[in-house]
Structure formats: C-alpha cells, structure tokens
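First comes the structure, then the notes that go with it.
The values are calculated or read from the model by the stated rules, or taken from the named source; none is laboratory data. In this text, all values refer to a predicted model and were calculated from it rather than measured experimentally. All Cβ positions, even for glycine, are placed from backbone atoms using ideal geometry, and neighbour counts span all protein chains on display. All accessible areas refer to the heavy atoms of the entire protein, side chains included, with ligands and DNA or RNA removed. Shrake-Rupley method; radii C 1.70, N 1.55, O 1.52, S 1.80 Å.
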Amino acid sequence: MIKFTIPGEPKGKGRPKFSSKGKFVKAYTPETTVNYENWVKICFQEARQQMLTGQLHAELKCFYSIPKSFTKKKKKDASNCILRPTKKPDIDNICKIIFDSLNGLAYADDKDIVSCKVDKYYSDNPRVEVEIWMV
C-alpha cells in the first residue's frame, strides 16, 4: 500500500497552452501544473514508498481551506464535514495531475488504476491524502 500526503491547496491539471511562430504551433504545459506535479513527486519520494504493480485502487481525500468569508455556522458545518466544497478544481482534474505525476514512481503507468474514490472536504489544514493499493 502507498500512503502519503500532499500539503497545500488541491490543484487540478491545467489545460495545455499553445504558442505559434509562423507555421508552427507548439503546445506546452502551464508552469503551475509543472510545479504541482513536481511537488507531488517530492511528497511521494519523501514518504519513501515502494512501486506497486498490477491492478490498483486509489483513494484521494482533498481538503480545501475554509473560506474566511464563511459565517461562524458555515465554518462549523465545514469543519464537521456537513458542508463540503463544490468549487474548482474538478475532481477529475485533481486525479489527472496526481496520477500523471506518479507515473514511473508509484506504478509503471496510471492505466494500472482500475478504480478510484475521491472526496472533497474543508479543513484548516489544506492537503490531499493519497492511498493506493493492489486490488
């Protein structure tokens, strides 16, 4: 089993950007995406986890900061998981950036992940908790 935490606000995979010079169009990954992918790799490596093989299941728990604009009641509901985030980034983009980052480190390729569960919560400690295990 792989288990580690990515401190900070959850991020989603950014769409590729395009630039053109004359007849040539070049696609590139946004800098914020590259930085977060590198952060995920560092967090994984610091947890000293082993590579997994075979069919895998992944669970992500994404914790967002509680907005300062929330009322006391909303803050309490957010802390008690009664009120959950319905904001960006989308769950699929969070999975994409984390799973792509772990290619070749946690597993050979993210195609090995055959099932996935993702939850979004509020917390005073923003982070993403990652667990991956063989099915």
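Any chance you could look up the accessible area of Ser115 with a 1.4 Å probe, heavy atoms only, rounded to 10 Å²?
40
Where the only charges are on Cβ atoms (+1 Lys, Arg; -1 Asp, Glu), what is the dipole of the chain about its Cα centre, to the nearest 20 debye? Mind dumping the intermediate values first?
Working: 25 positive and 16 negative charges, 167 e Å.
Charge dipole, the chain, about its Cα centre: 800 debye, nearest 20.
Could you work out the helix-only [θ] at 222 nm for the chain, with each DSSP H run of four or more residues adding -39,500 (n - 2.57) and the total divided by the number of residues, to the nearest 500 deg cm²/dmol? If you can, show how the numbers build up before the last one.
Values: 3 runs with 35 residues, N = 135.
For the chain, the value works out to -8000 deg cm²/dmol.
On the protein heavy atoms, probe 1.4 angstrom, tell me the percent of accessible surface of the chain carried by carbon and sulfur.
Working: 4490 of 8620 Å².
That fraction is 52 percent.
Kindly sort Val114, Val34, Val40 by accessible area of their heavy atoms, largest first, with the probe set to 1.4 Å.
Details: Val114 85, Val34 55, Val40 0 Å².
Sorted descending by solvent-accessible area, the residues read Val114, Val34, Val40.
Quick one: work out the % antiparallel among DSSP beta bridges in the chain, nearest 5.
If we restrict to bridges inside the chain, about 65 percent are antiparallel.
Taking Cα atoms of the chain, Rg/Rh with Kirkwood Rh, to two decimals?
Working: Rg = 16.8 Å, Rh = 16.2 Å.
Result: Rg/Rh = 1.04.
For segment 21-68, just the Cα set please: Rg and Dmax, both in angstrom.
17.3, 48
Can you tell me the accessible area per residue over segment 1-84, all protein chains present, probe 1.4 angstrom, in square angstrom? Can you show the working numbers first?
Details: 6090 Å² over 84 residues.
The answer is 72 Å² per residue.
Just list whichever of Lys11/Lys73; Lys3/Lys74; Lys41/Lys88; Lys17/Lys74 have alpha carbons separated by over 29 Å in the model shown. Please list the in-between numbers first.
Values: Lys11/Lys73 27 Å; Lys3/Lys74 31 Å; Lys41/Lys88 22 Å; Lys17/Lys74 37 Å.
Long pairs (Cα-Cα over 29 Å): Lys3/Lys74; Lys17/Lys74.
List the relative contact order of the chain as a percent without decimals, with contacts defined as Cα pairs under 8 Å and 6+ residues apart.
On the way: 247 pairs, mean separation 62.5, N = 135.
Reported as a whole number, the value is 46 percent.
So how far apart, in nm, are the two label points at Ser123 and Thr5 if each is 7 Å from Cα heading toward Cβ?
0.6
Whole percent per 10 Å bin, from 0 to the bin with the longest distance: what is P(r) over all C-alpha pairs of segment 63-108?
23, 35, 24, 15, 3
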